[in-house]
Structure formats: C-alpha cells, structure tokens
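See structure below.
Computed from the coordinates by the stated procedures, all read-outs in this text should not be read as laboratory data. Keep in mind that what you see is a predicted model, and the values were worked out from it rather than measured. Every residue, glycine among them, receives a Cβ derived from its backbone with ideal geometry; neighbour counts consider all protein chains shown.
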Amino acid sequence: MSKSWLSEATNLQLPSAAQSTKQYISQWIHNKRFLRLVAASFTFLVIGLLYYNTLTGTVPALVPSSSIITPPAPAASAAPAAPPVPAGPKYAFATLLSPNYLKDVDQTDIASDEYFLSTRVLNYQLRASNHTKYADSNVPFLVMCPPNVAQNKRDILAAEGATIVPVPHIMADWIKVPLPTWVEMLDKLLLWSYTDYEKILYLDADVYLVESLNGIFEDAAAQDHEVSVEKTHENDVGKLPKEYTLAGVVDGGSGSRENPMSANYMNAGFFLISPDKMLYDHLMAFVDRPDSFSVSMMEQNLINDVFKQDGPMPWKKMDPKWDTSCPEPEDVKKGYKTIHSKLWKVKASPCDIDPVIGRMWYKTLGHMESHYAQIPLR
C-alpha cells in the first residue's frame, strides 16, 4: 500500500511556473470583468436616481444630506413696480380702488364700501360673467391699490381672480384736492409706467358692463399715432415720444350726452393707452411743477391738458358705443357697451339714476355674490 502511494506521488505532475502565471492572469481578468460589471451597475443606479430626482424634486437616498446645498430663503421684497404680465397678448384692464372715503369708517368693513363692491362687480363682469366676460381669459384685470386700501379687501379681490397692484400715492404739496373721493386720482398716472403691457384700458370702479368689451383694443382710435412735434407749446415739459396712444370718450359731466362739458374734453374714467415711460415722466413733471394745471378735476384736467386737441398729442375719440354716462333704459337697446354711473344710488352726480337701470346693477351684484359664495361677504 505504501508502494502504491509512493508510485502515485512520484507520478503527480505539479504545474510549472508558466502555467501558474497563466492561471493567475486568467483569474485576474475574470475578476476585473466582474469589477467592471459591478462598477457599471452602480453607475447606472446613480444616474437613474439622479434622473428620478429631476422628475420628482426629491433627494435620492444615496446622496448624503450634508452634500445638499439649500439656498437661503429669499428676503421679503417690496411690491413690484409693475404687475406681472401673462403670456399672449399684452393687454390689460385696470381700475383704481381708493380707500373708503366716509369719515371715521372701519377700512376693513366691506359692507359700507360701495366702490369696493362695485370693483368686485366689475371684476366679475370682465372675468366670470357668461354675458359680459372678455373673450381672452389671459387678459388680467389690474386693481391698483393705494397704501390705505385694507388688506382684507385686497385678499377678497385676489381670490376672485383680480390682479392686485400695490401703488404708491402720487401727490404734491401745491395740490389742494377738491373732494375726499378724489385724493388718490393722480395715482392713475402710474398706468403709463406699466411698459410691459402694450395696451391698457382703464375703467373707473363705477363702470357697469352691459355687453362684453371684445374688440375694444382694436378700435381705430386705440392705435399708435405720431406726435406732432411742431405743435409743442411752452407748457410741455421734458421729451416726447415719436408715437403715443390715448383713446377715450367725451365727458358728459353736465348731465347730458347731447350737451357735454366740451366736445374735446375726455372722461378720465374710461380711456385706453399704450404705456410709455417717456410719457409717464412727462406727466409727472407737471405734477411736480406748481400750478401747471387746474386741480378742479384733478388728473382729468392734467390728461386733457397734455393731450389736448390742438397740441402735439391730441387724444382720439373712440366709438361712442363703448361708454356712456347718465344712462336711460333705451341705452341698452341702442347697443352701448358700458354705463358709467353709480348705479347703486338713486341720486348721483352728474345725473339721477333711472330705477330700471339701477336694478340691473343690483341683479348683477346678486349673481356675483352667488358665483363667489365661498368667499364671505360680511
């Protein structure tokens, strides 16, 4: 048995050095391929997690939290100088909401603020009413809010779809305001500074829509017109642009459309402009210069002076159908698009309100309150 063992041991063939080296290299290559496979798999896993992160905004578990740099929260900034502009046609409707003019009134009380309610009605008509809403829902309704307008009123209007635009108060020491309701009227001049918009239609808060305002931005008067530099007069201040846009309707302040204050005197409660920084500076130069215009009608006089008919930039008359004051029941049948009167009143300057027309406003107020029933009114 020991002989057999010795014989087997003698016949045993050990691998040579060359064979051992060859086996080692073969095994190393095999292991290297395995390592490559592992590395590739890990790489694909990481890439997949990173891609998932971009889709969901979550942080992959494989990324240590200490390596994630979180940017600091932005500091509170002041209200933007101009409202945001949506994509599409750069048009906008706008109004000015003043604080409640009644003495010793709680500014947060919405029930006693007639102009606030009327602003809500106007917003509803422009944006929500099936009968009067503007065809392009991307055209915003800008509500300019001076500093003293209560926050709860801003919140309600914003919740109902209006675009709230905080504005500074424009005033000069030399200006003596005739009526408490006119204190903020010069703030309208800020419209000319909103140059991100091509056209803005301004409506006073007491304008009531009878029909939709579709097509008003295409009115012939609401297009660009050349400035007649040769007609510049001594009261012009600063530089004038090459073109301008100001279209409006004649003011019926005398209480009669047939006998208005002047056939060339524009109502500053319904007008369409193309914002222009040069014109804004031009208008503000008059505000800064004492006695440069009559303040008896505040901004309306200033605008009519700068854009007077015999000046370099005469305002253009729009189709009369767009707006009328001192309404009568027949006006609805005649095709007027808007009525510019305080329809919630029976007695109102410059003319009394016909009860039939007044009921139209209250009916729309009821529709508006039902539409926004989820927002408390009182």
Most exposed first by the Cβ proxy, i.e. fewest other Cβ within 10 Å, how do 315, 344 rank? 344, 315
Note the full-extension length gain between residue 310 and residue 239 as 0.36 nm times their separation in residues minus their Cα-Cα distance, in nm to one decimal. 23.8 nm
Go through 176/334; 231/277; 133/231; 308/345 and tell me which ones have a Cα-Cα distance over 30 Å in this structure. 176/334; 133/231; 308/345
Unit charges on C-beta of K, R, D, E only; dipole of region 117-182, Debye: 120 debye
Could I have the simple spin-label model distance between residue 211 and residue 137, label points 7 Å from Cα toward Cβ, reported in nm to one decimal? 2.4 nm
By the scheme Lys and Arg +1, Asp and Glu -1, what is the net charge of all other residues having a beta-carbon under 11 Å from that of residue 97? -1
Distance between modelled label sites at residue 230 and residue 173, nm, 7 Å Cα→Cβ extension: 4.3 nm
If Lys and Arg each add +1 and Asp and Glu each add -1, what is the summed charge of the other residues whose beta carbon sits under 12 Å from the beta carbon of residue 144? -1
Total formal charge among the other residues, if their Cβ is under 9 angstrom from that of residue 217, Lys/Arg +1 and Asp/Glu -1: -2
Among 358, 139, 105, the residue whose Cα sits farthest towards the positive end of the charge dipole of region 91-371, when +1 is placed on the Cβ of each Lys and Arg and -1 on the Cβ of each Asp and Glu, is 358
Only Lys, Arg (+1) and Asp, Glu (-1) charged, at Cβ; region 91-371 dipole about Cα centre in debye: 520 debye
Flagged as over-length at 30 Å C-alpha distance, from 242/342; 103/153; 188/337; 239/342; 188/317, the pairs are 242/342; 239/342
